[in-house]
């Protein structure tokens, strides 16, 4: 159960009400978005995730982006975010428990794990290998997305944001990294 209350549409005004209505219209009013709408500035900051996600998709492709985000979320033990990416990977026909990764995907997955475990100890060899595939601008975008993903993980985990109804059937597929 979430540690905070989700706002009601009737309690929202201005931009927050508009954001709510847009999400309802698009069919993507998640529990996290509802929680974020408790504070407009925080909501707007976290919605920057979508811009970073779009950039990541353009750089690495859909499958690799999902694998990277899943690696970050699972390593960070974020139930909610992990379930979203498990669901997304399944939608493109992949079994998240049995992923076969190419070289770039393996590098991104490892980067996600290392960033979460200790960002001060991301290995030089990993960065060198990533630079074989990505220039400095692209690497900044990749690491920038990781920061956004970690912030999202932390928000959901600290406030114990409830698992969205559509994810409940796959809740038992979450396997936290348990590295801590």
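When the test is whether a residue is at pLDDT 95 or above, more than 14 Å from the chain's Cα centre (by Cα) and closer than 23 Å to residue 6 by Cα, residue 167 passes it. When the residues of the stretch 124-138 are narrowed to those that are free of Cβ contacts under 8 Å to residues at least 60 places away in the same chain and outside any helix (DSSP H, G or I), which ends up surrounded by the most Cβ atoms within 10 Å (Cβ to Cβ)? In this case the residue turns out to be 133.
Residue pairs whose Cβ atoms lie under 7 Å apart, separated by 6 or more positions or on different chains, with the first residue in the stretch 159-171 and farther than 12 Å from residue 90 by Cβ and the second assigned to a loop (DSSP other than H, G, I, E, B) and at pLDDT below 95, are 160/1; 162/1.
The values are calculated or read from the model by the stated rules, or taken from the named source; none is laboratory data. What you see is a predicted model, and the numbers here were worked out from it, not measured in a lab. Please note: Cβ atoms are built from the backbone with ideal geometry, for glycine as well, and neighbour counts cover all protein chains shown.
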